Amino acid sequence: MARLDRQRLLRLLPYLGRDRRRLLFTLVLLIPVAGAAAVQPLLVGQAISALRHEPVMPWLAGMAVPQQLRTLVGLLLAAVLVRLGLQGLQSYNVQAVGQRLTARIRDDLFAHALDLSLRFHDRTPVGKLLTRLTSDVDALAEVFGSGAVGVLADLVTLLVIAVTMISIEPRLGVLLLATQVPVTLAIVWLQGRYRKANYRVREELSQLNADLQENLQGLEVVQMFRREAFNSQRFGRTTDAYRQAVTGTIFYDSAISALIEWVALTAIAVVLGLGGWMVTAGAMGLGTLTTFILFSQRLFDPLRQLAERFTQIQGGLTAVERIGELLEQPIEIQEMPVEQRSAAAVRSGVERASAGEVIFEEVSFAYRDDDPILTDLSFRIAPGEHVALVGPTGSGKTTVIRLLCRLYEPQRGRILLDGVDIRELPIPTLRQRLGVVLQDTFLFSGNVADNLRLDAPIADAELERLCAELGLAPLLNRLPQGLATELRERGGNLSSGERQLLSVARVALRNPSVLVMDEATAFLDPSTEATLQRDLDRLLRQRTAIVIAHRLATVEASDRILVLKRGRLVEEGNHRELRAAGGLYAQLAELQERGLATL
């Protein structure tokens, strides 16, 4: 654990590289801040010694008592002002660096999460990812801002106080410092327990966020099926588990604070008892005893702060561990190095045009090792050919599309686009050549124009012209501000058909070589579908098309139909040939005609 912590903390060092000067300046300030804190009890003790006419420091000995007091009060005021001023500057620098550190880490975490394959996201709830990107990163900011540098400040303060005490009165100094040893050992032991409890807190918080996100996303289903009471009870169990986990951390945190207070009171009592006896015996002045009483209080202040900061640090180390686990997740879908690509792949990656030939060669794939989805699947789609994928639910139709887009990697076999293995193509090139329209439409928050452009640099005038050609004018005229209309989350202020219309249009704007549609017109009303179908026919005229079809009319228009069953290609041909063959396709078509099934 300690070695992994060091490795993960070392990973953070590059993030601090741009702020090394400010960090160095902050560390240099530790010494004058600690000196200003240590000199204050000494000045108070000297003032009492001056009032009682006890021995004072040599540089005060030649002054009258009123002058001694004025000098000491002035120095005390200066020490307080210097300490407060330098602490404010130090705190500002540390917090500023901490915020920049966490902003960079959050950016990298977000980019890494987007690069991870769908396989990772399928098994990781969104709420758990959000916890790592928000509260875990915030905990890291807290540990850096008030933890790491604060610990160094406390250690420097302890060292300065220890040296000052021993130089004034070695016997009492050593006695006070000896009390630090058992306290430190006990704190280290309790912090280890706190670390484990805090990890559980983070896990339970992740589950709480995941449950909350799931219920809010599925609110429509929750209300329609009257699941409010049941889901509330289940969420109550999650919050109760989180509460119990937090209670565990509170116990250890309270135990540390109570231990320090008991030891601090005991140490002060010992100083009072032993110091009072020494003052009575004439072995030490009252001013020196006052100095040591103040030092005994100051001595435990850094220890209290160390304990609090160690609690923050343990929480931060837990956050570093969880953040590290995410950053250590391997990126499954990676681009092949240029030097390993074939000459054809290099040429294809440079060229923007693509014929659109798609070949699957003995492709096998499984989301889980014990549940194969595709088995030795092979087929070829010629450039410009329109092919429909048909089969029962679970036959692997959607998986074919996901593999073609390289959202997953097959365990065996190859997928070729224009004769080039898609693993050799740059990912942006591959996905620019593929235009995918899914049945479940996703729109981003923002205006309509931004959702149509996405990554394409299209001017406003050109965008308006293209929208008119695609038949979007009636839709845009209905919207209050046309292309500038702001969309709510997931396009909530549009109908399902309107969202689907926009999703088809944004694919058409990219002029892809291969068009992939998962029943793109499923949610359109007849008039809108008729308008769009004319544009789709024009769009499909010179392009390869792969359609996951659920309606017989769509399938009949295809040049060829591929029938899948349990991940294997069992039939292929056109509609007339497959109906005549009397196989699986004929059975599915007959059932749909009778309204009993979809293709």
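Note on the range 340-593: Cα-Cα pairs beyond 29 Å make up 34% of the total pair count. Extending 7 Å from Cα along the Cβ direction at Met336 and again at Gln95 yields two label points whose distance is 5.3 nm.
The stretch between Val126 and Thr393, if pulled fully straight at 0.36 nm per residue, gains 93.5 nm over its current Cα-Cα span.
Computed from backbone phi with θ = phi - 60° and the Karplus coefficients 6.51, -1.76 and 1.60, the 3J(HN,Hα) list for the range 491-499 is x, x, 8, 10, 6, 4, x, 5, 5 Hz; x is used for glycine and proline.
Amide H to amide H, with H built 1.01 Å from N, Leu515 comes under 5 Å of Gly435, Thr544, Ala545, Ile546, counting only residues 5 or more places away or on other chains.
Dipole orientation for the range 340-593: of the candidates Ala473, His386, Leu416, Leu416 has the Cα lying most toward the positive pole (charges on Cβ; Lys, Arg +1; Asp, Glu -1). The antiparallel fraction among DSSP beta bridges confined to the chain stands at about 55%. If I stretch the segment between Phe251 and Leu69 completely, what's the gain in nm (0.36 nm per residue apart, minus their alpha carbon distance), one decimal? Full extension of this stretch gives 60.8 nm more.
Think of the range 17-327 as having a plus end and a minus end, set by charges on the Cβ of Lys, Arg, Asp and Glu; of Gly324, Gln213, Met165, Met165 sits farthest toward the positive end of this dipole. Across the range 53-69, coupling constants 3J(HN,Hα) worked out from phi with the 6.51/-1.76/1.60 Karplus curve, θ = phi - 60°, read 6, 8, x, 10, 5, x, 6, 9, 4, x, 9, 6, 4, x, 5, 4, 5 Hz, and Gly and Pro carry x.
Hey, what angle do you get for helix 228-280 against the long axis of the chain, alpha-carbon based, 0 to 90 degrees rounded to 10? Taking Cα atoms only, the helix is inclined about 20 degrees. Here's the picture: charge each Lys and Arg Cβ at +1 and each Asp and Glu Cβ at -1 in the chain, and of Leu407, Leu175, Gly236 the one pushed furthest to the positive end of that dipole is Leu175.
At full extension, Glu328 and Leu185 could sit 48.2 nm farther apart than now, given 0.36 nm per residue minus the alpha carbon distance.
Cβ under 9 Å from Ser378's Cβ, Ser378 left aside: what net charge do those residues give with Lys, Arg +1 and Asp, Glu -1? Net charge around Ser378: -2. Straight-line cross-link partners of Lys565 among the lysines, defined as a Cα under 24 Å from its Cα and at least 8 positions apart when in the same chain: Lys397.
Among His575, His121, the order by Cβ neighbours within 10 angstrom, fewest to most, reads His121, His575.
What you get for the chain, charging only the Cβ of Lys and Arg (+1) and of Asp and Glu (-1), is a dipole of about 1520 debye around the Cα centre.
A simple count of charges around Ser395, restricted to other residues whose Cβ falls under 10 Å of its Cβ and scoring Lys, Arg +1 and Asp, Glu -1, yields +4. Placing +1 on the Cβ of every Lys and Arg and -1 on the Cβ of every Asp and Glu, with no other charges, gives the range 17-327 a dipole of roughly 240 debye about its Cα centre.
Every pair of different Cα atoms in the chain enters the Kirkwood calculation, which places the hydrodynamic radius at 30.4 Å. Neighbour counting of Cβ atoms within 10 Å sorts the residues Thr290, Thr318, fewest neighbours leading, into Thr290, Thr318. Sorted on the mean count of surrounding Cβ atoms within 10 Å across their residues, most packed first, peptides 123-134, 228-239 read 123-134, 228-239. With θ taken as phi - 60° and the Karplus curve 6.51 cos²θ - 1.76 cosθ + 1.60 applied, the whole-hertz 3J(HN,Hα) list for the range 401-414 is 5, 4, 5, 4, 7, 6, 7, 9, 10, x, 6, 9, x, 10 Hz, x standing for glycine and proline. When only Cα pairs below 8 angstrom with a gap of at least 6 residues are kept, the chain shows a relative contact order of 14 percent. Distances between placed amide hydrogens fall under 5 Å for Ser364 paired with Asp376, Leu377, Gln411, Arg412, Gly413, all partners being 5 or more residues away or on another chain. Close amide H partners of Glu571, meaning residues 5 or more places away or on another chain with modelled amide H under 5 Å apart, are Val563.
Between Ala283 and Glu409, the distance separating the two model label sites (each 7 Å from Cα on the Cα→Cβ line) works out to 7.5 nm. In the chain, the calculated helix contribution to ellipticity at 222 nm averages -21500 deg cm²/dmol per residue, counting -39,500 (n - 2.57) for every DSSP H run with n ≥ 4.
Going by neighbour counts of Cβ atoms within 10 Å, the residues Asp211, Asp108 line up, fewest first, as Asp108, Asp211.
Over the Cα atoms of the range 17-327, each weighted equally, I'd like the Debye log10 I(q)/I(0) at q = 0.08 Å⁻¹, rounded to two decimals. Results for the range 17-327 at q = 0.08 Å⁻¹ read -0.53.
Each reported figure results from applying straightforward, stated rules to the coordinates on display, with no laboratory input. Bear in mind that the values here come from a model prediction, so they are computed numbers and not experimental data. Glycine gets a Cβ as well: all are built from the backbone with ideal geometry, and neighbour counts include every protein chain shown.
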